[in-house]
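Taking it in order: structure first as structure tokens, then the write-up.
The values are calculated or read from the model by the stated rules, or taken from the named source; none is laboratory data. No experiment lies behind these values; they were computed from the predicted model shown. Cβ placement follows ideal geometry from the backbone for every residue including glycine, while neighbour counts extend to all protein chains displayed.
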Amino acid sequence: MLSAYSNRALRRTEDRAAKAGRRIASLRNRRSASANARIALLSLACMAATACASASAAKKTPPDFAGAWSVEWCDRTNPNLDCGGFDITLVQEGDRLCGDFGGALVNLRQIDEGRIVGTAVGDTAVLTVRSNRNLSIVLVRAKRVGNRLHWRMVDEVKRAENDDIDVIATDDVLIRQPATDKKTGRVVDERRTCADF
């Protein structure tokens, strides 16, 4: 039989062992909680990075509308006549677009020129086009598809001040052209700004 002293010592040892076991379990729980917290923080960081990447992918810069675009209008029934056409030059500053246009009917019967201002929204430009010939203003939607600009007049903002016509494309596909100097015909590589129009 164990003495009372031995029993007390045994109980103390058992108490110490139980306390040590509880401490170890507590430390394990803390480590586990700390590891879980680290995993949770890492998961949140990954989700935040993914959200930021998705947001920046959603905020793509609009396609480049800057440059020269044109369509040719010819009379197929009388190929001896000079072709007319419609050409625009656009400058893009962020989402802002500005530029000018020139238009001529077949056989150069009537010509027109004017200014363009608008904004890019994704792959589509919303433009106002002002004729210098009759001072009319039209609203145009131009969708960029590769090197093509699908141009469609959608509304007349201001009617002509005289009974004259304008020479502005209504529903055409303009093709991107190399920028050329109209006097020399040489390719121009300089970038203009909206202040130039």
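Please identify the pairs in which a residue from the range 72-89 that is in the same structural domain as Asp100 (by TED's automatic domain parsing) has its Cβ atom under 6 Å from the Cβ atom of a residue that is at pLDDT 95 or above and of a type in the set (Phe, Trp, Tyr), counting only partners at least 6 apart or on another chain.
Taking only residues 6 or more apart or on different chains, the pairs are Gly84/Trp73; Gly85/Trp73; Ile88/Trp69; Ile88/Phe101.
Residue-wise test of (1) in contact with a Ser or Thr (Cβ under 8 Å, 6 or more places away or on another chain); (2) small (Gly, Ala, Ser); (3) at pLDDT below 95; (4) exposed (fewer than 15 other Cβ atoms within 10 Å of the Cβ).
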| residue | (1), (2), (3), (4) |
| --- | --- |
| Arg130 | yes, no, no, no |
| Ile137 | yes, no, no, no |
| Arg141 | yes, no, no, no |
| Gly146 | no, yes, yes, yes |
| Asp155 | no, no, no, yes |
| Ala160 | yes, yes, yes, no |
| Ile165 | no, no, yes, yes |
| Asp171 | no, no, no, yes |
| Gln177 | yes, no, yes, no |
